[in-house]
Amino acid sequence: MISNTSADTPVASKLEALLNLQRIDSQLDEIRRVRGDLPEEVRDLEDEIAGYEVRVSKFDEEISGLNDQIKQRKQNAKDADGLIRKYEDQQQNVRNNREYEAIAKEIELQKLEIQISEKKIKEAQYQIEQKNTEISGTKQRLDERRKDLDNKQAELQTIVGESEADEKKLMDERGEATQPIEERLLTAYTRIRGNVRNGLAVVPVKRDACGGCFNTVPPQRQADIMSHKKIIVCEHCGRILADVAARAE
């Protein structure tokens, strides 16, 4: 039971207002059901595309950094080659073996620098090739996902367009329908809707059973429901039991 209701509004009026709100919400649920998982699929594709775009951008930055390294390594090799020529010229004018060996050592160091630079350049070039391969694959997947997104968005737009006017009208009606419902009751209604699969928070008793979970409602409880003296909820599912439907003869 959702506690005693305020005395200024009859329980029957409160239940009628809740039933009206439930009717509107059920129609809105049906419109959204037709859309199915499309809105979520569109969001997922948008997130996936954003991820691919970030990945491509990151690869581009890494390639730019590797190209900078190659440029610097080439400059290092060029500088080392210049020093080698300079040292070789100096060797022609040495005065003793000690000076000759010192210069020879410097030449060997510069040759080693060239070898290291060439090795690092090849490694960077290989990494660039690998990243370009990754970029190519990522861009291919990106193009595929963009096509999927375009198709999903077009499909969703068609469905939304067909029901947009009805949905807007129902949303306007819903705004009006909530006005006479006290906040406490509206909060309870919203909570119940969120806890049940079919969105039915307000149901009648049909064939001696709850119209939501179909569990039996005892005769005395049915009598209490029909008296409209207080708002009663199903003992099994917590839905608001608005009325007792007449049996078909």
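The values are calculated or read from the model by the stated rules, or taken from the named source; none is laboratory data. Since the structure is predicted, the reported quantities are computational estimates derived from the model, not experimental observations. As a convention, Cβ positions derive from the backbone with ideal geometry for all residues, glycine included, and neighbour counts pool all protein chains shown. Accessible surface areas use protein heavy atoms only, side chains included; no ligands, DNA or RNA. Shrake-Rupley method; radii C 1.70, N 1.55, O 1.52, S 1.80 Å.
Equivalent ellipsoid of region 1-136: semi-axes from √(5λ) of the C-alpha gyration tensor, largest first, are 82, 17, 8 Å.
Per residue, how many Å² of accessible area does the chain show with a 1.4 Å probe? Walk me through the intermediate numbers first.
Working: 16510 Å² over 249 residues.
Solvent-accessible surface per residue comes out at 66 Å².
When only Cα pairs under 8 Å and 6 or more residues apart are kept, what is the percent relative contact order across the chain? Relative contact order of the chain: 30 percent.
Region 67-83 and region 155-234 have Cα centres separated by 76 Å.
Relative contact order, whole percent, for region 172-247 stands at 28, derived from Cα pairs under 8 Å and 6 or more residues apart. Counting only protein heavy atoms and a probe of 1.4 Å, the accessible surface of region 97-142 is 47% carbon and sulfur. Share of antiparallel DSSP beta bridges in the chain, in percent to the nearest 5? Roughly 60 percent of the beta bridges in the chain run antiparallel, per DSSP. Of all lysines in the structure, the ones whose alpha carbon falls short of 28 Å from that of residue 111, not counting any fewer than 8 places away in one chain, are 71, 74, 78, 86, 119, 120, 122. Cross-link partners of residue 168 among lysines, defined as those whose alpha carbon lies under 29 angstrom from its own and excluding same-chain residues fewer than eight positions apart: 14, 152.
Taking percent of Cα pairs over 28 Å apart as calculated from this structure, the corresponding entry among (1) 45; (2) 64; (3) 29 is (2).
Placing pseudo-labels 7 Å out from each Cα toward the beta carbon at residue 30 and residue 209 gives an inter-label distance of 2.2 nm. Computed from Cα atoms, the angle from the helix 183-195 axis to the main principal axis of the chain rounds to 60 degrees.
As a test of the formula, what do you get for the chain when each DSSP H run with n ≥ 4 contributes -39,500 (n - 2.57) and the sum is divided by the residue count, at 222 nm and rounded to the nearest 500 deg cm²/dmol?
Numbers: 5 runs with 183 residues, N = 249.
Rounded to the nearest 500, it is -27000 deg cm²/dmol.
With K and R counted +1 and D and E -1, the other residues having a Cβ less than 14 Å from that of residue 223 yield a net charge of 0.
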